[in-house]
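Working notes, beginning with the structure itself.
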Amino acid sequence: TRSTRPQRMLKAVQKNATKGSPESVISAIDYFCKHSEWAMNVGDEKGSILDSVVTEVNPSTVLELGTYCGYSTVRIARLLSPGTKFITLEFNPANVTVARQIIAHAGLQDKVTVVEGSSGDLIPQMKERFGITTFDFIFLDHWKDRYLPDIKLFEECGLLRKGSVLLADNVICPGAPEYLEYVRNSPRYENRYYPAHLEYTKVEDGLEKSVFLG
Ligand SMILES: Nc1ncnc2c1ncn2[C@@H]1O[C@H](/C=C/CNC(=O)c2cc([N+](=O)[O-])cc(O)c2O)[C@@H](O)[C@H]1O
Ligand SMILES: [Mg+2]
């Protein structure tokens, strides 16, 4: 049967990227998406903004929602200090398999734990299963209608502390209007919008950074 786009992306990484080099894995995926097949990775333009926020926060605990093929996982993991606890959640087992291989090709398999399952089920398990108290940095890039229920889940489960930073992809395209309205109208968050473009296109998109005020 025909291969899937994530499988073709993995092949492109294994063929073109230097093993153990996160930068070459990132470049190989961006090249694949620009010249072979578009894919919903955060991409290089928004990826640079992601890099700058991760570097600024310098988190000790990180959560990513929606691993997909592991592109943003590699971008984040390559910037983390030793000893940082980084968990990424993905409910499609085929994507978990591809992501783990792309992350391993970058040599970052010891920096991040890819957990198969849905955020709705796994977020309430973070404390007991992974020994997490609170997350310093959270990257939201899964189904857009899950952003709002999941931020409420973070609050309910006590997984945010004063200063926790949430960064949400695609708040313009495909859009997460209910999430945006929530964080921008809540007195518990300080927000900043980073304008950019939908990965590998000229379509307007951007990232919303929200700092929990406690
Ligand atoms: N609740 C959940 N728990 C765990 N994993 C979950 C999840 N919901 C979705 N996922 C996984 O996260 C990825 C989905 C991303 C949705 N992004 C998108 O739909 C998307 C679309 C465009 N676009 O259409 O232009 C551009 C983008 O940058 C995008 O991120 C898939 O790998 C999916 O299996
Ligand atoms: Mg996205």
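The values are calculated or read from the model by the stated rules, or taken from the named source; none is laboratory data. Please read these numbers as outputs of a predicted model, since none were measured by experiment. All Cβ positions, glycine included, derive from the backbone under ideal geometry; neighbour counts span all protein chains shown. These accessible areas exclude ligands, DNA and RNA; they are computed on the full protein's heavy atoms, side chains included. Shrake-Rupley method; radii C 1.70, N 1.55, O 1.52, S 1.80 Å.
So the values come out like this:
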| item | result |
| --- | --- |
| Every pair of residues 6+ apart whose Cβ atoms lie under 9 Å, when the first sits in segment 201-214 and is farther than 22 Å from L148 by Cα while the second is open to solvent by 70 Å² or more (accessible area, probe 1.4 Å) and aromatic (F, W, Y) | T201/W38 |
| Hits in segment 138-162 - residues which are of a type outside the set (A, V, I, L, M) and away from ligand 2 (no atom under 16 Å from the Cβ) | P149, K152, F154, E155, E156, C157, G158, R161, K162 |
| Count of segment 58-76 residues which are open to solvent by 10 Å² or more (accessible area, probe 1.4 Å), within 16 Å of ligand 2 (Cβ to nearest atom) and assigned to a loop (DSSP other than H, G, I, E, B) | 2 |
| Looking only at segment 18-52, and only at residues there that are open to solvent by less than 50 Å² (accessible area, probe 1.4 Å) and of a type in the set (V, I, T), the one that is nearest to L166 (Cα to Cα) | I49 |
| Of all residues making up segment 185-197, the number that are in contact (Cβ under 8 Å) with a residue 40 or more places away in the chain and either within 21 Å of E37 (Cβ to Cβ) or of a type in the set (G, A, S) (or both) | 2 |
| Close pairs from segment 41-54: first under 14 Å from F137 (Cβ atoms), partner surrounded by 22 or more Cβ atoms within 10 Å (Cβ to Cβ) and among the polar types (S, T, N, Q), Cβ under 8 Å, at least 6 apart | L50/S72 |
| Any chance T55 is assigned to a helix (DSSP H, G or I) and either at positive phi or open to solvent by 10 Å² or more (accessible area, probe 1.4 Å) (or both) | yes |
| Qualifying residue in segment 188-197 (condition: crowded, with 19+ Cβ neighbours inside 10 Å, not charged (D, E, K, R) and not in a strand (DSSP E or B)) | no |
